[in-house]
1. Provide a single number: the residues in the stretch 237-266 that are at pLDDT 95 or above, assigned to a strand (DSSP E or B) and touching a helix residue (DSSP H, G or I) at 6+ places or on another chain (Cβ under 8 Å).
2. Conditions first: (1) in contact (Cβ under 8 Å) with a residue 60 or more places away in the chain; (2) buried (at least 19 other Cβ atoms within 10 Å of the Cβ). PHE41 passes all but one, so which condition is the exception?
3. When you go through VAL192, VAL234 one by one, which is the residue that is among the β-branched types (Val, Ile, Thr), touching a helix residue (DSSP H, G or I) at 6+ places or on another chain (Cβ under 8 Å) and outside any loop (DSSP other than H, G, I, E, B)?
4. Here are some conditions: (1) surrounded by 16 or more Cβ atoms within 10 Å (Cβ to Cβ); (2) assigned to a helix (DSSP H, G or I). SER269 meets all but one. Which one does it not meet?
5. Please verify whether the stretch 195-204 includes one or more residues that are touching a Leu at 6+ places or on another chain (Cβ under 9 Å) and exposed (fewer than 14 other Cβ atoms within 10 Å of the Cβ).
6. Determine which member of the set MET90, MET83 is free of Cβ contacts under 8 Å to residues at least 40 places away in the same chain, in contact with a helix residue (DSSP H, G or I) (Cβ under 9 Å, 6 or more places away or on another chain) and surrounded by fewer than 20 Cβ atoms within 10 Å (Cβ to Cβ).
7. Any idea how many residues of the stretch 1-47 are of a type in the set (Val, Ile, Thr) and over 17 Å from TRP231 (Cα atoms)?
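The values are calculated or read from the model by the stated rules, or taken from the named source; none is laboratory data. Keep in mind that what you see is a predicted model, and the values were worked out from it rather than measured. Using ideal geometry, Cβ is built from the backbone for each residue, glycine included, and neighbour counts are taken over all protein chains shown.
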Amino acid sequence: MTKQSKYADWMEVSVYNALLGALKADGSDFAKYSPLEGSRFRGEGQCGMTIHCCSANGPRGFVAIPESIVMRDTNALFVNLYMPSTVETMIPASDRKVTLIQQTSYPESGGVKMTVEVDSEQEFALNLRIPEWSRQTEIKVNGTLVNNVTAGTFKEIKRVWKSGDRIEAEFDFRGRVLAENHHIALMRGPIVYARDIRFDDGFIDQAGNFAGDQNGYIELKAVSKKPDGIWMAVTADMVLGTTLDGEAAKARPVCFCDFASAGSTWDLSSYYRVWLRQVMDVR
């Protein structure tokens with residue numbers, strides 16, 4: 001309705017973190033609360049029933065996802081969400097069918113490949129959402145680089161489309177450090193990360209600082225062996241504790257998992273934390 005990509009940006013963050021995080025691992029229920037630290041649990045029954053409003057309304061969020069992947073205007077398509085999908089729609093101005101096929105492992109990685117299929121050649125605008133966090137984005141159409149790609153906007157690609165035309169997009173999936181009120185947190189793409197005690201790599205409430213922070217970006221390394229029930233896991237170098245000198249102040253890799261996986265046991269065995277207290281050097 002507004003053609004402002006920021007709304008799709010926040011919808012994506014909600015889908016991959018809040019919505020997936022509320023869903024129980026076996027799909028049987030939705031957590032009443034998904035706090036940014038602690039654990040998750042089932043809500044109490046309401047109105048004399050065993051069910052509660054989260055269980056009733058949670059599935060509606062998942063139904064809304066496919067409806068929102070691609071939207072259309074009179075002579076344009078808007079790609080809001082990136083995920084493996086095949087979307088068939090009509091261009092109202094021409095009343096012709098268009099199929100858009102996405103192949104990707106997003107949000108595990110930032111690469112997306114799209115194929116356009118049309119009944120016959122037709123001109124329309126394909127608008128790709130460039131997330132506000134993707135400061136370095138590369139887009140190619142049939143191998144040719146597209147210029148003037150700006151974060152936080154839809155990139156309009158208006159041309160005569162033919163069946164088999166291919167779009168390749170590579171989004172900026174560097175680790176990002178968020179800082180607020182003497183606390184720090186970690187994101188990568190649309191994914192919020194959290195420490196989880198299942199990694200058994202130290203006291204997760206311990207204060208610390210990220211090491212190698214370069215203008216809010218840090219290097220993340222994938223974790224090959226993950227605890228059960230965790231989708232994505234990375235390590236980030238951190239200096240933990242309030243000792244600022246000597247051996248204790250050396251950086252070491254610390255494990256993080258995606259917010260949807262954090263706390264997925266729904267008990268204290270997967271206690272987790274998103275915002276970490278930041279060590280302040282008062283010297």
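1. So the answer is 3.
2. The single condition PHE41 does not satisfy is (2).
3. On the way: VAL234 fails: touching a helix residue (DSSP H, G or I) at 6+ places or on another chain (Cβ under 8 Å).
So the residue among VAL192, VAL234 that is among the β-branched types (Val, Ile, Thr), touching a helix residue (DSSP H, G or I) at 6+ places or on another chain (Cβ under 8 Å) and outside any loop (DSSP other than H, G, I, E, B) is VAL192.
4. (1)
5. Of all residues in the stretch 195-204, those touching a Leu at 6+ places or on another chain (Cβ under 9 Å) come to 195, 197, 202-204.
Checking which are exposed (fewer than 14 other Cβ atoms within 10 Å of the Cβ) leaves us with 203.
Yes - at least one qualifying residue is present in the stretch 195-204.
6. Residue meeting the stated conditions: MET83.
7. Step one: filter the stretch 1-47 for residues of a type in the set (Val, Ile, Thr), giving 2, 13, 15.
Going one step further and asking which of them are over 17 Å from TRP231 (Cα atoms), we end up with 2.
Matching residues across the stretch 1-47 total 1.
Conditions (1) buried (at least 20 other Cβ atoms within 10 Å of the Cβ); (2) over 27 Å from TRP10 (Cα atoms); (3) of a type in the set (A, V, I, L, M, F, W, C), marked per residue:
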{"position": "VAL141", "(1), (2), (3)": "no, no, yes"}
{"position": "THR144", "(1), (2), (3)": "no, yes, no"}
{"position": "GLY152", "(1), (2), (3)": "no, no, no"}
{"position": "VAL192", "(1), (2), (3)": "yes, no, yes"}
